[in-house]
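Report on the structure given below.
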Amino acid sequence: MAFFGTLLDCDLVTFKRIMLVRPLSRCGWGYMWAPLAINLEYIAAYIEKDVEAISIVNQEFHDTDIEEALDEFKPDFVGVTMSATEHESGLKACRAAKKRGITTAVGGFNPTALPDYYLEFPEVDMVMCGESEGTMKDLVTSGKPEGIAGISYREGGKPDGKVIHNAQRVPIHDLDSLPFPARHLRLGTECDQWLKSGLRHMDQVHTSRGCWGKCTFCCEPSMSHSIQRYRQPKPVFEEIKQIYELHNREPLFILIGDPHFMGEADKTEELCDLLIKEGMDIHFTAMVRADTIAKNPRVVAKMVKAGVIGYCMGLESPNIKDLKGTKKGISNKIQAQGVRELRKNHAIAGGTFVMGLPGQTEADLLTFPEYARKLGMINAAFAVATPQAGTEFYTDMDPLIHQRDWTFYDQMHSVFNHENFPGDHLERLLAHNLGRFYAPDIFIDDMIESQYRTDKGRKITTSSMMKYLNDRLRFITTVGAVYRPEDGPEYGKIFLRAQANPFTRKRTKNIGISNMMEISAFLKVFGNQKIQATMHDNGKPFITYVLKFSKDKFEYIDATRTPHKDATLELDVDLNLMKIAKVSKMKAVMSLVGPILKRGQALVLCRLVLAGLANHIAVAKSNRVAGPMTLPKEYAETGMTMSGWGNEKYLKSLKGPAQLAAEDELMRRKR
């Protein structure tokens, strides 16, 4: 295939073998689930009948090297989608294509915002701005970019050629005119990788494009001009049924990829009616605005009944100044109403907060997890304020930006100079706030709501609780290694140290863990005991977890920086073992059991094992459904918000990661 420069000299050249690439990403909260290349699947479906062959390489799931993929498929055109964090990996794919004389194009949020910048790279022949279905269709038939709306390129295809920006392409108004995404072109493990760990199949669907919000830090206003377009409910429903069949009608999780799923609540309600009637085993997670949730309680109830159980609301900040400065258009009252409606329906009330906006201080940011917990949230994400190209925030912050490496624009690294957060201070606060929010009582909340949704409010069994806690622990211990591999253990320690707070003990005691967990047989055998697990780093304790039992009650869970003196079973966990990638199970077990034997607590350990076995046998023998949870009335009404949680005295007492680390060192020296 000739280079792009020669294509412009031809009367008619058509592209027949198309490869679309989604490069490896480092996309912030994407570490929880690497996204599918649904945008490329839409493009592929739109042009599939116009070309001889088309291939989608999603490098998040496809382990074939890009050069091998190119040599095997032999495309004459390669299109690469990229956001900021995929900049380097995306250009690498383009370079590999150019080495083989293949025409290249890039698209996505970053190239759309910076077409001139991307055309400075010799491996990029053209930039596709905005939605690219129609752009690609025109290009594969014409073979050259001249006159095609939505394309920027260099005149003559030469590195020193004049940059030509064709007319903007008008966004597709009738989204139902688009064919369903070409999911049949998936080559990697998109459909089955989660099954290895017993999880649900996963997929993605879109019911609309764009968002009518005007948030200054969001890419959508520049991409969609704050206009939201919608599909009709019935075609969306038919696509969801197709996805269900693709995954063999097995338990499925679907991410609704809309920036705002409830943009038109009546359409959302109609879709939910169809889903409820069909009764497929699908769980959905959606991104929504808090104001829309607050205004539509009837629709929220239907959404949860239809399987839309996970919600991510952009709450951003408890401070009105921040909400006004980012043009969020919501208030504290709206935030509280949104969370309350979700909790009332036993949904997973989640949301995001932005850390590091201009004018924010450490004292401000330390209140964020406390505010989220007081609202009753079950999931909370704390993102570093990141000026993405094309946003109003980027224009405002541009003079202060010190980091121009796009791979760090992942909402977890500080990229501009902030008057109150030098160096990696903000990034450490992010780890601290995550730990502060995700204290053990939040996990109890999550389990309770899950039991209401999935098991009619019955008590959870010990085996189900252990599985849940194991999944959560696995998630927590891998977060740091994934997004910050160079110092994951250090940030993990910040996360764990921050979990010590007075409300975990108060809330778990008032909720009554025995009220939500089937544990009676365990308690009869184990009796009055207190288990204490202390985390150490190089012999220095920094966080202790305590579980208190009596003969008829699981009394409480505590997360504290001061170990209890009356523990009957003490576990010492060495953080250094977590730093070792391949530590034998025997060594890990002995590191726990050895100190127990030295303290003479072997009998209590045996009793713990026997109690767990007795409870398992009792549940299995009875072969009956667990009884209903008997939670206090206050829990159903307020989620057991504690007195003093948000008062000024308490908030002023909050300490950041540096101060907590200094206090730990002082305590160690005193010991």
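The values are calculated or read from the model by the stated rules, or taken from the named source; none is laboratory data. Everything numeric here is computed off the predicted structure, so don't read it as measured data. Cβ sites come from the backbone with ideal geometry, for glycine too, and all protein chains shown count toward neighbours. What goes into the accessible areas is simple: the full protein's heavy atoms, side chains included, and nothing from ligands, DNA or RNA. Shrake-Rupley method; radii C 1.70, N 1.55, O 1.52, S 1.80 Å.
Data for the structure
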read-out	value
Scan of segment 419-461 for residues that are more than 24 Å from K493 (Cβ to Cβ), crowded, with 19+ Cβ neighbours inside 10 Å and in contact with a Pro (Cβ under 8 Å, 6 or more places away or on another chain), ordered by number	K459
Residue tally, condition within 17 Å of G325 (Cβ to Cβ) and open to solvent by 20 Å² or more (accessible area, probe 1.4 Å), over segment 399-417	1
Every residue from segment 352-378 that is surrounded by 21 or more Cβ atoms within 10 Å (Cβ to Cβ), under 24 Å from I511 (Cβ atoms) and not hydroxyl-bearing (S, T, Y)	F368, P369, A372, R373, L375, M377, I378
Which listed residue, of M223, M202, is closer than 30 Å to F15 by Cα and either hydrophobic (A, V, I, L, M, F, W, C) or assigned to a strand (DSSP E or B) (or both)	M223
Test result for M136, under 26 Å from D398 (Cβ atoms), buried (at least 20 other Cβ atoms within 10 Å of the Cβ) and touching a strand residue (DSSP E or B) at 6+ places or on another chain (Cβ under 9 Å)	no
Boolean, L275 is open to solvent by less than 20 Å² (accessible area, probe 1.4 Å) and in a loop (DSSP other than H, G, I, E, B)	no
Residue tally, condition of a type outside the set (A, V, I, L, M) and surrounded by fewer than 22 Cβ atoms within 10 Å (Cβ to Cβ), over segment 334-346	6
Hey, G263 surrounded by fewer than 19 Cβ atoms within 10 Å (Cβ to Cβ) and small (G, A, S) or not	no
Residue match in segment 84-104 (condition: open to solvent by 40 Å² or more (accessible area, probe 1.4 Å) and either of a type in the set (S, T, N, Q) or on the phi > 0 side of the Ramachandran plot (or both))	no
Yes/no for E68 being more than 23 Å from L139 (Cα to Cα) and free of Cβ contacts under 8 Å to residues at least 40 places away in the same chain	yes
Flag if I293 is of a type in the set (A, V, I, L, M), in contact with a Lys or Arg (Cβ under 8 Å, 6 or more places away or on another chain) and at pLDDT 95 or above	no
Filter result for F554 (modelled with pLDDT under 90, buried (at least 19 other Cβ atoms within 10 Å of the Cβ) and hydrophobic (A, V, I, L, M, F, W, C))	no
Check on T386, over 20 Å from the mean Cα position of the chain (by Cα), within 25 Å of G108 (Cβ to Cβ) and either hydroxyl-bearing (S, T, Y) or not in a loop (DSSP other than H, G, I, E, B) (or both)	no
Test result for E190, in contact with a Lys or Arg (Cβ under 9 Å, 6 or more places away or on another chain) and at pLDDT below 90	yes
Sole residue being at positive phi and modelled with pLDDT of 75 or more, chosen from G644, G600, G639	G600
Which numbered condition L660 misses (of (1) at pLDDT below 90; (2) open to solvent by less than 40 Å² (accessible area, probe 1.4 Å); (3) in a helix (DSSP H, G or I); (4) over 24 Å from F495 (Cβ atoms))	(4)
Failed item, numbered, when N248 is tested on (1) touching a His at 6+ places or on another chain (Cβ under 9 Å); (2) closer than 26 Å to C211 by Cβ	(2)
Test: residue in segment 356-374 that is in contact (Cβ under 8 Å) with a residue 60 or more places away in the chain, part of a strand (DSSP E or B) and of a type in the set (A, V, I, L, M)	no
Scan of segment 27-42 for residues that are modelled with pLDDT of 50 or more and either open to solvent by 20 Å² or more (accessible area, probe 1.4 Å) or part of a helix (DSSP H, G or I) (or both), ordered by number	C27, G28, W33, A34, P35, I38, N39, L40, E41, Y42
Qualifying positions in segment 311-332 - surrounded by fewer than 21 Cβ atoms within 10 Å (Cβ to Cβ) and over 28 Å from G359 (Cβ atoms)	none
Which numbered condition N296 fails, given (1) closer than 24 Å to N39 by Cα; (2) open to solvent by 10 Å² or more (accessible area, probe 1.4 Å); (3) more than 20 Å from the chain's Cα centre (by Cα); (4) of a type in the set (S, T, N, Q)	(1)
Pair list, Cβ < 6 Å and 6+ apart or interchain, from segment 37-54 residues that are more than 11 Å from P181 (Cβ to Cβ) to residues that are part of a helix (DSSP H, G or I) and open to solvent by less than 20 Å² (accessible area, probe 1.4 Å)	I47/M136; I47/V140; D50/V140; V51/V140; I54/A44
L575 vs. criteria of a type in the set (A, V, I, L, M), at pLDDT below 85 and open to solvent by less than 50 Å² (accessible area, probe 1.4 Å)	yes
Among residues of segment 408-437, those that are assigned to a loop (DSSP other than H, G, I, E, B) and closer than 28 Å to E86 by Cβ, counted	12
Conditions (1) open to solvent by 30 Å² or more (accessible area, probe 1.4 Å); (2) assigned to a strand (DSSP E or B); (3) among the aliphatic types (A, V, I, L, M): number failed by A349	(1)
